[in-house]
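Student: Take a look at this one; I'll ask things after.
The values are calculated or read from the model by the stated rules, or taken from the named source; none is laboratory data. Small disclaimer: the values here were computed from a predicted structure and weren't measured. Neighbour counts run over all protein chains shown; Cβ positions are idealised from the backbone, glycine included. These area figures cover heavy atoms from the full protein model, side chains too; ligands, DNA and RNA do not enter into them. Shrake-Rupley method; radii C 1.70, N 1.55, O 1.52, S 1.80 Å.
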Amino acid sequence: METMDRPHALLQSIFGFDAFRPGQQDIVEAVASGRNTLAIMPTGGGKSLCFQLPALLRDGVTVVISPLIALMRDQVRGLTEAGVPAGALTSGNTDEETRAVFDALEAGRLKLLYMAPERLASGGTANMLRRIGVGLIAVDEAHCVSQWGHDFRPDYLRIGELRRALNVPLAAFTATADAETRAEIVTRLFDGEAPETFLRGFDRPNIRLAFSPKDQPRRQILAYAAARKGQSGIVYCATRAKTESLAAALEQAGHSACSYHGGMEAQDRRAVEARFQTEDGLIVVATVAFGMGIDKPDIRWVAHADLPKSIEAYYQEIGRAGRDGAPAETLTLYGPDDIRLRRTQIDESPAPPERRAADHARLNALLGLAEALDCRRQTLLGYFGEEAAPCGHCDLCDSPPERFDATEAVRKALSAMLRTGEYFGTGHLIDILTGADTAKIRERGHDKLPTYGVGREFDKRGWQAVFRQMMGRDLVRPDPERHGALRMMDPARPILKGEATIELRRDTIAAAAARPAVRMLVSEEDAPLLSALKAKRRALAEAAGVPAYIIFTDRTLIEMAETRPASLDAMARVSGVGATKLERYGADFLKVVTGAEAEMPHPARRKLAGGGAASLYDRLMAAQNRLARGEDGCEKPLSCSASQVAKLAEIRPSDMGTLTRLLGERRADRFGAAFLDVLAEG
Ligand code: ADP
Ligand code: ZN
């Protein structure tokens with residue numbers, strides 16, 4: 001009984017969460033009971049809790065290996081703030097910090113030790129770990145052992161050896177799901193012996209998905225950011241130059257924004273990372289170089305100014321939003337130029353042909369998502385092998401696209417391509433279809449073709465949408481060897497031959513409203529309170545020199561604004577408010593909610609806040625006050641200490657003997673009978 005409830009008790013008291021997220025409990029149980037485990041969870045699924053909580057349940061130190069220094073420092077800070085002794089050994093440490101960690105280790109004071117994999121290369125590390133008594137090894141980003149993945153870390157190959165040397169259970173975590181990577185993790189970390197494996201779903205229900213065809217992309221991004229003013233966001237761009245110009249445009253529009261890309265000096269990059277981590281409402285305009293190591297849970301939106309390179313990259317990049325579980329939004333812009341660019345990048349890469357074919361397939365999956373006709377989330381999860389019902393809050397569920405039978409249109413387009421020897425790009429093909437009178441058409445005699453002018457049912461823009469969707473469905477591909485001339489692909493053949501039909505979307509590129517509606521995280525009524533809570537959080541964070549979310553996440557503040565706790569007990573029930581944080585910040589935030597100075601209960605009482613013991617304590621106190629001067633009200637005043645009463649509320653003795661032992665003769669005499677009555681009521 002005791003042991004079964006401990007994970008829950010710790011979940012509430014240390015981490016301040018009411019309930020496990022889906023999957024967490026099973027993983028925590030497996031890890032805590034010392035079984036080798038591999039957990040595959042999507043980003044933001046709550047992996048860290050799955051080793052942090054078992055670390056508290058197990059004897060000895062839990063060693064956490066992670067490649068991300070920023071993330072390690074962040075977690076150590078978060079744990080310390082929650083009252084859990086943790087430390088990190090990374091190259092980012094000052095000598096002083098390192099010494100403090102070693103001292104704490106030797107004194108047996110640490111529960112979690114975070115370590116960069118490079119540490120494993122030094123011979124002393126294994127000895128040191130053996131001496132301090134390790135109870136568990138946790139490996140974050142376990143896919144870094146995969147030599148074929150792009151995050152390969154050679155030092156990760158030493159982890160298996162460490163596990164053997166220490167002979168302790170190992171728990172591996174990753175968000176990368178493909179079967180090959182999984183198999184490689186089992187080989188390298190577990191010597192091929194299959195660990196207990198958990199594969200969690202890939203849905204991130206709080207992230208809203210949306211795509212939009214490019215149409216003045218800069219204006220689209222500016223409008224999107226304007227509707228989310230003051231919220232932290234990331235804009236991903238394909239080129240370095242674009243990150244700079246777009247960041248400048250956002251600054252000009254009154255946002256706080258900066259750019260980030262791989263060509264910047266390391267120290268400038270670190271400065272941006274640090275600003276992003278701590279500042280509320282900063283927008284970072286970045287190339288994909290920005291991401292690994294960013295562990296900000298309250299990123300409210302992610303926009304792609306250019307199409308990502310694959311569906312996996314897309315999933316990973318949008319996955320950085322809303323890790324705190326509060327609503328987050330994404331928008332991905334795409335157009336024919338993006339498709340051309342991504343295809344060319346793949347074709348020109350030095351990878352072997354099978355690899356290039358696989359990359360085209362991954363790009364196709366993303367284009368299929370971009371051009372989807374039904375629920376985006378359903379389409380995305382379908383790619384990861386999960387079935388789902390329509391989500392009801394993606395852009396396509398919100399406003400289903402108008403579709404039309406495009407079989408004729410597609411055949412006309414294919415015919416124009418084939419009759420001109422698959423030698424031209426969309427611009428010229430559209431001129432032929434719409435019967436335009438250009439020099440190029442006359443020179444080549446294309447006005448004599450039977451397809452000349454057969455497509456007057458669409459204007460130029462309409463045909464662009466048709467060609468873009470044809471590229472998106474991989475019916476045609478730009479040929480890099482012929483400067484983007486379109487070439488027909490196999491899936492188009494049945495349509496050309498009249499054996500298959502095809503539906504396409506009618507694009508409605510409505511001009512973005514001049515004044516976009518502001519998106520809010522809470523109802524209008526709760527918005528002022530949420531801003532006040534955020535202001536309080538900012539002040540506390542600045543004073544403590546930590547990122548705002550280390551104090552409380554957006555999600556916690558949203559819940560405070562919506563539920564308006566009126567007492568510390570109610571505050572303790574807000575998700576994200578653990579005992580230590582309640583103690584530290586509860587009163588400050590309560591004051592913001594109630595507008596009045598909170599009456600601070602005795603520390604012994606505060607510790608009980610939120611639980612069943614709290615109301616028991618209050619009733620015991622009432623009984624005591626009634627009897628402070630005895631039954632008849634004229635005896636010498638007498639009282640129990642707050643901690644004595646708290647102890648009674650916790651232990652709930654049911655007989656006078658125990659009560660007397662806890663309170664002493666005199667107090668038991670005066671209050672014993674009344675207390676036992678209260679305790680018997682429960
Ligand atoms: P990841 O799986 O990406 O490592 P994290 O461990 O950083 O995710 O968790 C993401 C966010 O979810 C964090 O802000 C964390 O505090 C929060 N979280 C984790 N578990 C729970 C839970 N049981 N209830 C509420 N929030 C949780
Ligand atoms: Zn949907």
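Student: On the given criteria, is Y452 in contact with a strand residue (DSSP E or B) (Cβ under 6 Å, 6 or more places away or on another chain) and over 25 Å from A365 (Cβ atoms)? Can you show your working first?
Tutor: Values: in contact with a strand residue (DSSP E or B) (Cβ under 6 Å, 6 or more places away or on another chain): no; over 25 Å from A365 (Cβ atoms): yes.
Criteria not met by Y452.
Student: Quick check, is E481 assigned to a loop (DSSP other than H, G, I, E, B) and either buried (at least 21 other Cβ atoms within 10 Å of the Cβ) or over 37 Å from the mean Cα position of the chain (by Cα) (or both)? Give the derivation first.
Tutor: Details: assigned to a loop (DSSP other than H, G, I, E, B): no; either buried (at least 21 other Cβ atoms within 10 Å of the Cβ) or over 37 Å from the mean Cα position of the chain (by Cα) (or both): yes.
Taking the combined requirement at face value, the residue does not satisfy it.
Student: When only residues in the stretch 21-36 that are surrounded by fewer than 18 Cβ atoms within 10 Å (Cβ to Cβ) and either touching a residue at least 24 places away in the same chain (Cβ under 8 Å) or in a loop (DSSP other than H, G, I, E, B) (or both) count, which is nearest to ligand 1 (Cβ to nearest atom)?
Tutor: R21
Student: From the set of residues in the stretch 37-55 that are β-branched (V, I, T) and open to solvent by less than 10 Å² (accessible area, probe 1.4 Å), which is nearest to ligand 2 (Cβ to nearest atom)?
Tutor: I40
Student: Could you please find all residues in the stretch 220-254 being open to solvent by less than 20 Å² (accessible area, probe 1.4 Å) and assigned to a loop (DSSP other than H, G, I, E, B)?
Tutor: Listed by number, the residues that qualify are A227, R228, S232, C237.
Student: On to the next question. Please identify the pairs in which a residue from the stretch 650-679 that is at pLDDT 90 or above has its Cβ atom under 7 Å from the Cβ atom of a residue that is among the charged types (D, E, K, R) and open to solvent by 70 Å² or more (accessible area, probe 1.4 Å), counting only partners at least 6 apart or on another chain.
Tutor: Close Cβ pairs satisfying both conditions: none exist.
Student: Counting only residues that are buried (at least 16 other Cβ atoms within 10 Å of the Cβ) and either acidic (D, E) or assigned to a helix (DSSP H, G or I) (or both), how many does the stretch 105-125 have?
Tutor: Residues that pass the stated criteria total 6.
Student: In this structure, is L11 more than 16 Å from ligand 2 (Cβ to nearest atom) and over 23 Å from the mean Cα position of the chain (by Cα)?
Tutor: Taking the combined requirement at face value, the residue does not satisfy it.
Student: Additional query: Residue check: is D18 assigned to a loop (DSSP other than H, G, I, E, B) and acidic (D, E)?
Tutor: Answer is yes for this residue.
Student: Could you please give the count of residues in the stretch 232-265 that are within 17 Å of R219 (Cβ to Cβ) and of a type in the set (D, E)?
Tutor: 1
Student: Let me ask something else about it. Identify all residues within the stretch 381-402 that are away from ligand 2 (no atom under 16 Å from the Cβ) and either of a type in the set (S, T, Y) or closer than 21 Å to I495 by Cβ (or both); write none if there are none.
Tutor: The one that is away from ligand 2 (no atom under 16 Å from the Cβ) and either of a type in the set (S, T, Y) or closer than 21 Å to I495 by Cβ (or both): E402.
Student: Same structure, new question: Mind listing whichever residues of the stretch 56-78 are over 15 Å from the mean Cα position of the chain (by Cα), closer than 27 Å to F152 by Cβ and assigned to a helix (DSSP H, G or I)? Break it down into steps so the answer makes sense when it comes.
Tutor: As a first pass, look at the stretch 56-78 and keep what is over 15 Å from the mean Cα position of the chain (by Cα): 56-70, 72-73, 76-78.
Subset that is closer than 27 Å to F152 by Cβ: 62-70, 72-73, 76.
Across the stretch 56-78, the qualifying residues are I69, A70, M72, R73, V76.
Okay, residues lined up against (1) in contact (Cβ under 8 Å) with a residue 12 or more places away in the chain; (2) assigned by TED's automatic domain parsing to the domain that holds A179; (3) not hydroxyl-bearing (S, T, Y):
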position	(1), (2), (3)
F190	yes, yes, yes
L222	yes, no, yes
R228	yes, no, yes
V235	yes, no, yes
R240	yes, no, yes
A249	yes, no, yes
Q252	no, no, yes
S259	yes, no, no
G263	yes, no, yes
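Student: Which residues, taken from the stretch 638-680, are among the hydroxyl-bearing types (S, T, Y) and assigned to a helix (DSSP H, G or I)?
Tutor: S643, T658, T660 - these are the residues of the stretch 638-680 that are among the hydroxyl-bearing types (S, T, Y) and assigned to a helix (DSSP H, G or I).
Student: Given the condition open to solvent by 50 Å² or more (accessible area, probe 1.4 Å), more than 16 Å from ligand 1 (Cβ to nearest atom) and within 20 Å of E503 (Cα to Cα), answer yes or no: does some residue in the stretch 407-426 qualify? Write out each step before concluding.
Tutor: In the first step, residues of the stretch 407-426 are kept if they are open to solvent by 50 Å² or more (accessible area, probe 1.4 Å); the result is 408, 411, 418-419, 423.
Within this subset, residues satisfying the condition of being more than 16 Å from ligand 1 (Cβ to nearest atom) are 408, 411, 418-419, 423.
Cutting the leftovers down to within 20 Å of E503 (Cα to Cα) gives us 408, 411.
The answer is yes; a qualifying residue exists.
Student: Suppose we filter the stretch 336-380 for residues that are more than 26 Å from the chain's Cα centre (by Cα) and within 16 Å of ligand 2 (Cβ to nearest atom); how many remain?
Tutor: Total meeting the criteria: 1.
Student: Scan the stretch 323-340 and tell me whether some residue there is within 16 Å of ligand 1 (Cβ to nearest atom), at pLDDT 90 or above, open to solvent by 40 Å² or more (accessible area, probe 1.4 Å) and outside the structural domain of L504 (by TED's automatic domain parsing).
Tutor: Yes; the residues of the stretch 323-340 include at least one that is within 16 Å of ligand 1 (Cβ to nearest atom), at pLDDT 90 or above, open to solvent by 40 Å² or more (accessible area, probe 1.4 Å) and outside the structural domain of L504 (by TED's automatic domain parsing).
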